[in-house]
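Read the structure below first, then the notes.
The values are calculated or read from the model by the stated rules, or taken from the named source; none is laboratory data. Everything numeric in this text was worked out from a predicted model, so none of it was measured. Counting neighbours? That spans all protein chains shown, and the Cβs are built from the backbone with ideal geometry, glycine included. Heavy atoms of the whole protein, side chains included, go into the accessibility calculation; ligands, DNA and RNA do not. Shrake-Rupley method; radii C 1.70, N 1.55, O 1.52, S 1.80 Å.
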Amino acid sequence: MKRKVTKAIFPVAGLGTRFLPATKSVPKEIMTLVDRPLIQYAIDEARAAGIEDFIFVTSRGKSALEDYFDLAPDLETSLEKSGKTELLRMLRATNMESGAIAYLRQHKALGLGHAVSCAAKLIGDEPFAVILPDDVIAGDTPCLQQMVEAYAETGGSMVAAMQVAPDKISSYGVLDVAGTDGPIVAVKGMVEKPAPGTAPSNFAAIGRYILTPDVMRNLADIPKGAGGEIQLTDAIASEITQGRDVFGYEFKGERYDCGSKAGFLQATVAFALARADLRDELVAYLRQLDVCAR
Ligand code: UTP
């Protein structure tokens with residue numbers, strides 16, 4: 001029987017070197033797209049998909065993340081007194097229930113797979129989601145919700161999938177595709193960061209996963225992979241060699257790689273243009289820059 005997915009792991013223990021010097025003291029996940037930290041988008045997406053337990057795998061220097069999810073009673077009182085009800089409503093919408101969040105430490109940045117494996121005891125014998133907050137996905141139906149609905153039909157393990165240009169594919173975990181049925185991609189193998197020219201397809205794994213507890217067990221056994229890190233991709237690929245199903249899910253939505261500076265800037269512009277309170281001013285500014293004409 002397929003079980004409901006109610007737990008999600010948010011691996012946020014990476015060093016975020018591409019955003020130095022900011023990430024010297026500001027966790028990448030607290031950086032804001034317009035006025036919301038990346039982590040808030042991830043939490044909202046998880047909630048929409050029915051997640052009830054939120055597990056953060058953190059590291060040194062990430063205490064601002066824990067503070068972000070604390071209540072802000074003084075601020076709430078002040079907003080209440082000054083009648084700023086809309087701001088108060090927005091602030092309260094970010095509150096998390098006591099007991100819904102767990103924080104774990106990954107003591108050394110040994111890779112995404114290792115970060116996920118740190119949550120093994122809290123996951124137990126249940127399927128679970130993994131969300132990488134630096135992949136921000138905008139869409140009418142949140143990406144993880146699309147996947148949870150598809151997973152209810154397929155079972156197995158599922159990774160969000162997106163077709164990327166051949167010159168970019170070597171930066172991703174790549175799916176070896178057995179066949180497609182609408183958005184469902186049957187996967188017969190997976191390879192992390194294949195050497196240029198060797199990728200088995202142009203389907204890249206993006207930072208949303210629904211995984212079985214078997215993947216967690218595989219993580220405990222696999223050796224270091226690409227970049228000398230314990231790779232989540234390798235633990236999922238082991239599922240296939242052990243005869244269990246793995247699917248890609250070609251989600252509907254626009255994905256922004258907010259772990260990179262260019263992706264973060266693109267997301268900032270896109271999210272600002274989508275805001276009624278900012279759009280006109282930003283469009284006027286972009287027109288004035290007239291960068292496209294040069
Ligand atoms: P990245 O590959 O983006 O690495 O990690 P990073 O350290 O965050 O950033 P750069 O490359 O140095 O700029 C992808 C995801 O995996 C998590 C990161 O926090 C991010 O969500 N991660 C990575 C861990 O939690 N632990 C690790 O050891 C590595």
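Some notes on this structure:
- Residue within region 47-59 that is assigned to a loop (DSSP other than H, G, I, E, B), within 16 Å of the ligand (Cβ to nearest atom), more than 19 Å from the chain's Cα centre (by Cα) and surrounded by 12 or more Cβ atoms within 10 Å (Cβ to Cβ) present: no
- Pick from region 127-142, criterion part of a loop (DSSP other than H, G, I, E, B) and more than 8 Å from the chain's Cα centre (by Cα), ranking: nearest to the ligand (Cβ to nearest atom): Pro142
- Filter result (within 15 Å of Ile137 (Cβ to Cβ) and surrounded by 16 or more Cβ atoms within 10 Å (Cβ to Cβ)) within region 151-165: Met158, Val159, Ala160, Ala161, Met162, Val164
- Pick from region 145-167, criterion under 19 Å from the mean Cα position of the chain (by Cα) and not in a strand (DSSP E or B), ranking: farthest from Arg217 (Cα to Cα): Val164
- Within region 223-234, considering residues that are of a type outside the set (A, V, I, L, M, F, W, C) and surrounded by 17 or more Cβ atoms within 10 Å (Cβ to Cβ), the one farthest from the chain's Cα centre (by Cα): Gly225
- Number of residues in region 241-261 that are open to solvent by 60 Å² or more (accessible area, probe 1.4 Å) and either within 16 Å of the ligand (Cβ to nearest atom) or closer than 21 Å to Thr32 by Cβ (or both) equals 2.
- Sole exception among (1) touching a residue at least 60 places away in the same chain (Cβ under 8 Å); (2) not in a strand (DSSP E or B) for Thr198, by number: (1)
Condition check ((1) in a loop (DSSP other than H, G, I, E, B); (2) open to solvent by less than 60 Å² (accessible area, probe 1.4 Å); (3) touching a residue at least 60 places away in the same chain (Cβ under 8 Å); (4) not aliphatic (A, V, I, L, M)) across all residues:
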site	(1), (2), (3), (4)
Ile236	no, yes, yes, no
Glu239	no, yes, yes, yes
Gly263	no, yes, no, yes
Gln266	no, no, no, yes
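- Yes/no for Pro11 being open to solvent by 10 Å² or more (accessible area, probe 1.4 Å) and within 13 Å of the ligand (Cβ to nearest atom): yes
- Residues of region 14-41 that are assigned to a helix (DSSP H, G or I), within 12 Å of the ligand (Cβ to nearest atom), open to solvent by less than 30 Å² (accessible area, probe 1.4 Å) and not hydroxyl-bearing (Ser, Thr, Tyr): Phe19, Lys28, Glu29, Leu38, Ile39.
- Consider region 192-215 and keep the residues that are of a type in the set (Ser, Thr, Tyr) and more than 16 Å from the ligand (Cβ to nearest atom). The one that is most open to solvent (accessible area, probe 1.4 Å) is Thr198.
- Identity of the residue in region 168-191, within 21 Å of the chain's Cα centre (by Cα) and surrounded by fewer than 16 Cβ atoms within 10 Å (Cβ to Cβ), that ends up farthest from Lys224 (Cα to Cα): Pro183
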